[in-house]
Amino acid sequence: MLTITGRSGRPLCDGVARRDFLRIGGLAMGGLSMPQILQAEAMARVGHSAKSIIMIYMAGAPPHQDLFDLKMDAPLDYRGPYSPISTKVPGIRISEHMPYSARIMDKLVPIRSMVGSVTGDHDSQICYTGRSAKGVTIPPGGWPSLGAVMSKFQPGGKAASSAVPPFVGLAPKAGHPPYGSPGHPGFLGPACSAFRPNGEGIADLRLNGISSDRLGDRRALLAAFDKMRRDVDKSGLMEGLDVFNQQAFDVLSSSRLLEALDLSKESTETRERYGKGDTRNYGDGAPRNNEHFLVARRLVEAGARCVTMNYGRWDFHDRNHAELLTHLPWFDQGFSALVEDLHERGLDKDVAVVAWGEFGRTPRLNATGGRDHWPRVGCAVLAGGGFKTGQVIGATDRLGGEPTERPVHFGEVFATLYHWLGLDLVHTTLPDLSGRPQYLVDGWQPMKELI
């Protein structure tokens, strides 16, 4: 086994011990190896899309009535102190603390009627799979996330190479594990997990102290191990592994992934446009790291198929409006910069962007000025994908507590994304760990409003 530094991380929620960093090894040595990951990906390529998705999990769930669905006719203890402002699209008004998004509303689709959370518990699963973590039958191994499905089904993008993982998660290690999840692979297994280039993991992409000659020696050693296994294995399944070993070494020997993660290659103007935010974790949640928006754009340009990022900790049970000002202005800057940047680079039809939390917040402020969990309705915002933007989908009642027009289930958004990627929702299934075929979504159809 060749390990280029790095330390073992804690196990994922599905019990799979995994490194966030690259590990190169032969099957003879046991454990998950990059050749296995690459082989599984290549064997499953049935789609032909060159499209990518950036999914932003607003950990802890933002208050929908303070972002896209302000209720100025409601009593003060419901609507709070914020006022709405006009946007580039006449008739669409959003929070005064989202001026950047207001200027590009023609490129956005706020959804004011998100439903689907069953219990109102904090869990990123519904944002990454479209399915609730409770109240439904869960197959052995658990539901796979969007990124896991994409890494299994979809070939690389326009600039893809074996040096860029198809699924990259920018999630941190968080005190509350779901806040730090990039989306789990579920029953698809570790081969479809996200590559997570966090912190010191970036250094693991460099051959520190290892020359190309020494790397070649390890390549030869690895080939010898695999040849031994092929000699022992009479089934023929080991044949052809050399190509995957080659690709695994390409990840280390190529500069493509490192370059995508290197923001110094961007102009000062671009970096200032996105802003820096705060790279520290917020409580037990995620950092408000605006540079992740820029990294996500660079990763899809380099060929990543799905990039997930976790932003902040929006669980404002106390002092909701004061706490919101520690998140919303930075989020507004980074999110709008990402959307504009994709348009300016001609990527708006090939890259879809989704931002949301796991549920909404209570219409009425509590005794400490906070908003508690409200699974009955929440919000989301979409961009890119060649979708029909510049519109609002759905509506809620006067107090912002119940959907009154066009409730949108998380599963419908996933159906729309999978359809956009070219996957057949009717006939495409994936076997779970018991061998039972599972559909990508539970009968949901693509949203006609978007496509």
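Restricting to region 282-312, name every residue that is part of a loop (DSSP other than H, G, I, E, B) and either basic (Lys, Arg) or more than 18 Å from Lys51 (Cα to Cα) (or both).
The initial filter retains those residues of region 282-312 that are part of a loop (DSSP other than H, G, I, E, B), namely 282-286, 290, 303-305, 311-312.
Of everything in region 282-312, those that are part of a loop (DSSP other than H, G, I, E, B) and either basic (Lys, Arg) or more than 18 Å from Lys51 (Cα to Cα) (or both) turn out to be Tyr282, Gly283, Asp284, Gly285, Ala286, Asn290, Arg305, Tyr311, Gly312.
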- Task: Confirm whether Gly370 is under 12 Å from Ala61 (Cα atoms) and touching a His at 6+ places or on another chain (Cβ under 7 Å).
- Result: no
- Test Asp424 against the stated conditions and say whether it is surrounded by fewer than 19 Cβ atoms within 10 Å (Cβ to Cβ), free of Cβ contacts under 8 Å to residues at least 24 places away in the same chain and touching a strand residue (DSSP E or B) at 6+ places or on another chain (Cβ under 7 Å). no
- Test Ala322 against the criterion of being buried (at least 22 other Cβ atoms within 10 Å of the Cβ) and either of a type in the set (A, V, I, L, M, F, W, C) or modelled with pLDDT of 95 or more (or both), and give yes or no. no
- Item | Lone unmet requirement of (1) at pLDDT 95 or above; (2) more than 29 Å from Asn289 (Cβ to Cβ) for Asp69 | (2)
- List every residue pair whose Cβ atoms lie under 8 Å apart, where the two residues are 6 or more positions apart in sequence or sit on different chains, the first residue falls within region 344-364 and is under 19 Å from Cys306 (Cβ atoms) and free of Cβ contacts under 8 Å to residues at least 60 places away in the same chain, and the second residue, located anywhere, is among the β-branched types (Val, Ile, Thr) and not in a loop (DSSP other than H, G, I, E, B). Leu347/Val300
- Counted residues, region 94-114 - those being hydrophobic (A, V, I, L, M, F, W, C), without any contact (Cβ under 8 Å) to a residue 60 or more places away in the chain and either on the phi > 0 side of the Ramachandran plot or not in a strand (DSSP E or B) (or both): 1
- Message: Against the condition free of Cβ contacts under 8 Å to residues at least 12 places away in the same chain and either surrounded by fewer than 22 Cβ atoms within 10 Å (Cβ to Cβ) or not in a helix (DSSP H, G or I) (or both), how does Gly91 come out, does it pass?
- Response: yes
- Task: Would you point out which residue out of Val168, Val136, Val109, Val118 is closer than 26 Å to Gln333 by Cβ, modelled with pLDDT under 95 and β-branched (Val, Ile, Thr)?
- Result: Val168
- Message: Against the condition in a helix (DSSP H, G or I) and among the charged types (D, E, K, R), how does Glu449 come out, does it pass?
- Response: no
- Query: What tally of residues in region 94-118 results from selecting those that are charged (D, E, K, R) and surrounded by 17 or more Cβ atoms within 10 Å (Cβ to Cβ)?
  - Reply: 2
- Given (1) touching a Ser or Thr at 6+ places or on another chain (Cβ under 9 Å); (2) surrounded by fewer than 17 Cβ atoms within 10 Å (Cβ to Cβ); (3) free of Cβ contacts under 8 Å to residues at least 40 places away in the same chain, Arg406 misses just (3)
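The values are calculated or read from the model by the stated rules, or taken from the named source; none is laboratory data. This one's a predicted model, so the numbers in the text were calculated from it and none came from an experiment. Cβ atoms come from the backbone with ideal geometry, glycine included; neighbour counts cover every protein chain shown.
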